[in-house]
1. Among the numbered criteria (1) of a type outside the set (Phe, Trp, Tyr); (2) touching a strand residue (DSSP E or B) at 6+ places or on another chain (Cβ under 8 Å); (3) open to solvent by 60 Å² or more (accessible area, probe 1.4 Å); (4) under 24 Å from residue 194 (Cβ atoms), which single criterion is violated by residue 234?
2. Restricting to segment 115-140, name every residue that is in contact (Cβ under 8 Å) with a residue 12 or more places away in the chain, under 16 Å from residue 102 (Cβ atoms) and not hydrophobic (A, V, I, L, M, F, W, C).
3. Name the one entry in 257, 272 that is more than 22 Å from the chain's Cα centre (by Cα) and either open to solvent by 40 Å² or more (accessible area, probe 1.4 Å) or small (Gly, Ala, Ser) (or both).
4. Residue check: is residue 190 open to solvent by less than 30 Å² (accessible area, probe 1.4 Å), of a type in the set (Ser, Thr, Tyr) and farther than 27 Å from residue 317 by Cα?
5. For segment 45-76, enumerate the residues that are open to solvent by 50 Å² or more (accessible area, probe 1.4 Å) and among the hydroxyl-bearing types (Ser, Thr, Tyr).
6. Residue 55 is checked against (1) part of a strand (DSSP E or B); (2) of a type outside the set (Gly, Ala, Ser); (3) out of contact with any Ser or Thr (no Cβ under 7 Å at 6 or more places or on another chain) and fails just one. What number does that condition carry?
7. In segment 79-97, how many are among the small types (Gly, Ala, Ser) and surrounded by fewer than 21 Cβ atoms within 10 Å (Cβ to Cβ)?
8. Can you give me the number of residues within segment 292-312 that are surrounded by 17 or more Cβ atoms within 10 Å (Cβ to Cβ) and in a loop (DSSP other than H, G, I, E, B)?
Amino acid sequence: MQDVTNLWFMKVIAHYGSPDYFFTEYFRVNDTSRLNRSILAAITENDTGRPVFAQMIGESIPDLVRTAKELCNYNIAGVDLNMGCPAPRIYRKNVGGGLLLSPEKVDRILGELRQAVNDRPLTVKMRVGFENTDNFYKILDIINHHSIDLLSLHGRTVKDMYHGAVKYDLIAEAVKWVDCPVLANGNIHSATTALKVLSQTGAAGVMVGRWAIGNPWLFNQIRQALQGEAIAPVPLVEVRNYIDRLWQTPAAATMPARSRVGYLKMFLNYIALSVDAEGHFLRLMRQTQTEVEMFNLCDRFLVTDLTKTLALAPYLGV
């Protein structure tokens with residue numbers, strides 16, 4: 001997730017139970033681009049013990065090839081091409097999800113990247129389409145043609161962004177269609193949902209994005225569910241400790257207080273969805289202006305009653 005899954009956040013997540021693999025924020029690729037040092041640190045300084053895929057976004061074939069070769073000089077699990085980012089400022093540049101409008105361009109890009117990345121896995125992250133699914137099977141054929149090693153598939157279109165139903169039936173179709181393993185992505189907000197999606201789609205695994213912000217214990221909870229174990233509830237006091245970790249962002253010393261509060265609220269917007277069914281914590285948190293107000297509120301909701309736990313899935317309607 002851009003602006004979220006940096007090295008620091010990977011380390012925070014790892015404290016609670018890492019995913020099997022990490023994907024970096026995307027390296028922006030164009031004719032003047034160089035490897036972003038901050039993103040590169042998520043590879044070179046990563047001590048989580050988990051493999052890391054280097055994600056790229058771009059459409060210039062020579063520069064994608066150049067960047068992929070540069071990335072292969074580092075200890076990466078593989079090179080990942082982003083063909084799913086739904087942000088308008090991205091897809092309007094014909095990159096990310098915008099590539100889904102041009103299967104012919106995708107064919108050329110993957111063909112060149114496959115030749116350049118021949119000793120590491122080459123993976124693709126995409127959605128089921130841009131505005132519709134007209135090109136869906138055509139692009140799946142291209143993925144097969146170029147022997148892509150892993151497909152991460154979000155079951156919404158680019159224009160859907162993060163709204164509406166996830167088309168898990170199309171993920172199931174992709175599982176049958178392509179020769180590589182498929183990771184099901186889209187609204188995997190609980191261990192129960194993960195199991196249902198795996199059963200429904202036949203996918204090799206799930207990819208979790210936004211919901212890991214609100215529940216960093218989710219990866220371990222999914223493992224517990226897969227092993228048929230009871231899912232261990234997380235006391236809200238542990239959530240309070242997680243918030244303290246988030247507050248200690250490496251940029252804290254140089255970040256203005258108001259900006260720092262706003263940055264933490266980005267995380268709290270997800271955490272709050274599993275704190276109380278009525279949504280009081282979410283509403284009041286958004287009204288706070290200062291560090292003192294925000295942490296007093298966190299104490300009120302998260303440490304007053306030590307018996308309360310984080311919901312195993314976000315509350316509906318909050």
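The values are calculated or read from the model by the stated rules, or taken from the named source; none is laboratory data. The model shown is predicted, which means the values in this text are computed figures rather than measured ones. Glycine also receives a Cβ, built like all others from the backbone with ideal geometry; neighbour counts cover every protein chain displayed. For accessibility, only protein heavy atoms count, side chains too; no ligands or nucleic acids. Shrake-Rupley method; radii C 1.70, N 1.55, O 1.52, S 1.80 Å.
1. Here residue 234 meets the rest and fails (3).
2. Once the filter is applied, which keeps residues that are in contact (Cβ under 8 Å) with a residue 12 or more places away in the chain, under 16 Å from residue 102 (Cβ atoms) and not hydrophobic (A, V, I, L, M, F, W, C), segment 115-140 yields 127, 129, 131, 132, 133, 135, 137, 138.
3. Sole residue among the options that is more than 22 Å from the chain's Cα centre (by Cα) and either open to solvent by 40 Å² or more (accessible area, probe 1.4 Å) or small (Gly, Ala, Ser) (or both): 257.
4. Working: open to solvent by less than 30 Å² (accessible area, probe 1.4 Å): yes; of a type in the set (Ser, Thr, Tyr): yes; farther than 27 Å from residue 317 by Cα: no.
No, not satisfied.
5. Pass one, segment 45-76, residues open to solvent by 50 Å² or more (accessible area, probe 1.4 Å): 45, 47, 49-51, 59, 62, 66, 69-70, 73-75.
The one that is open to solvent by 50 Å² or more (accessible area, probe 1.4 Å) and among the hydroxyl-bearing types (Ser, Thr, Tyr): 74.
6. (3)
7. Within segment 79-97, the first condition is being among the small types (Gly, Ala, Ser), and the residues that meet it are 84, 87, 96-97.
Still in the running and surrounded by fewer than 21 Cβ atoms within 10 Å (Cβ to Cβ): 87.
Count: 1.
8. Looking only at that region, the number is 3.
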